[in-house]
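The values are calculated or read from the model by the stated rules, or taken from the named source; none is laboratory data. Every value quoted in this text rests on a predicted model; they were computed, and no experiment measured them. Virtual Cβ from ideal backbone geometry, glycine too; neighbours counted across all protein chains shown. For the accessible areas, the whole protein counts, side chains as well, though only heavy atoms, and no ligand, DNA or RNA atoms are used. Shrake-Rupley method; radii C 1.70, N 1.55, O 1.52, S 1.80 Å.
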Amino acid sequence: MAFAGGCTPFRRTAVAACVSLSALQPVSDRGSPFKSSARLRVGSSACETLLELLSPDAVVQTGYTDLGRGLVAKKDLAAGTCCLAVDPFNVLLVTDEPLKTGNAYGAAALDDWQLLHGDMPDTLAAYLLSSRGGWFKRLVAWLLYVARHGTGVWKLYVATLPQESEMASLMNFTPEERHELQCPEMQAHAAKERTAIQGLHDSIFSSATGELRSLDLAPSFNDTLWAACMVNSRCFSDNVGREAVSLMVPCCDLANHSMQPNAQFRLSPGGQFNIITTQVGSCK
């Protein structure tokens, strides 16, 4: 699903998720978002603290694998095991098309989040529930808000994320850097993506000119670029009844990507986000 300007965000779907099943084996899903190893090494202890806070009964931990840094099983896991569960009040979730499907689930998720993290400005709450911005824009707005005002697990989670300068999405390449792509088609696509994000910054998120300027979400273009990169590479999607939803879930994005998934993401009717194993594993 594309947003204005032609940049197409990547989302992990519930059926495409996966996790490893053996002790000291990587939890993985499909795809290939860039992650800075230097940044993640610095955030290792913070990631472990996050896991303990988010899911005390989790049977996975962070660790280094053949796929890079990711989630590693603490013990052998059987198929159908919930290895990580995150409660709805720690999830950023929006309904993709509220006018078409209604947004009862998205509204409930927003209420849950505010019960724990406190009321957000009315302007932002109204934007998140509206159809004025697509799911991508609304998640970017929410992430920008928690980056500046987040508490609890979201403050800690944001601190573990890569900085904009550490990302290698096409939108991150400046005009001076695009020659490094060594492909005219890729260079053109990178320019198109960056132009799209610049347009979103100027019209929506900019603290000076944007529709949401009263919220002071993004004093600089790099603020918007960072949030767009995070949503582009770390969000999930699922369907709950008639509603298609998009969401960001702390720590679950640590699951690496694989063409041979061994787990799936699943959003429960009550709003809990789970990583469930789909294969049987044993220690090797």
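Residues in region 36-154 average 43 Å² of solvent-accessible surface per residue, probe 1.4 Å, ligands and nucleic acids excluded.
The packing ranking, built from the mean of other Cβ atoms within 10 Å per residue, places the peptides 223-235, 110-122, 256-268 in the order 223-235, 256-268, 110-122, highest first. So if we plug the beta-carbon distance of ASN222 and HIS179 into 1/(1 + (r/R0)^6) with R0 = 22 Å, what FRET efficiency do we get, rounded to 0.05? With a Förster radius of 22 Å, E is 0.55. Subtracting the Cα-Cα distance of GLN272 and LYS155 from their residue separation scaled by 0.36 nm leaves 40.1 nm. Charge tally around ALA141: other residues with Cβ under 14 Å, Lys/Arg +1 each, Asp/Glu -1 each, net +1. Measure out, as a whole number of angstrom, how far apart the alpha-carbon centroids of region 59-121 and region 132-146 sit. Cα centres, region 59-121 to region 132-146: 17 Å. The aspartates and glutamates whose alpha-carbon is closer than 17 Å to the alpha-carbon of LYS74, local same-chain residues fewer than 8 away aside, are GLU48, GLU52, ASP57, ASP66. Judged by the mean number of other Cβ atoms found within 10 Å, the most tightly packed of the peptides 241-248, 199-206, 87-94 leads the ranking 87-94, 199-206, 241-248.
Near the amide H of GLU97, within less than 5 Å, lie the amide hydrogens of ALA244, all on another chain or at least 5 residues away, with H placed in the peptide plane. Protection proxy ranking, highest mean first, for peptides 210-217, 61-68: 210-217, 61-68, where packing is the per-residue count of other beta-carbon atoms within 10 Å, averaged. Per-residue 3J(HN,Hα) values for region 81-90, derived from phi via the Karplus relation 6.51 cos²θ - 1.76 cosθ + 1.60 with θ = phi - 60°, read 7, 7, 9, 7, 10, 10, 5, x, 6, 10 Hz in sequence order (x marks Gly and Pro). Taken one residue at a time, the phi angles of region 72-77 give Karplus couplings (6.51, -1.76, 1.60, θ = phi - 60°) of 10, 5, 7, 8, 4, 10 Hz. Gly and Pro are set to x.
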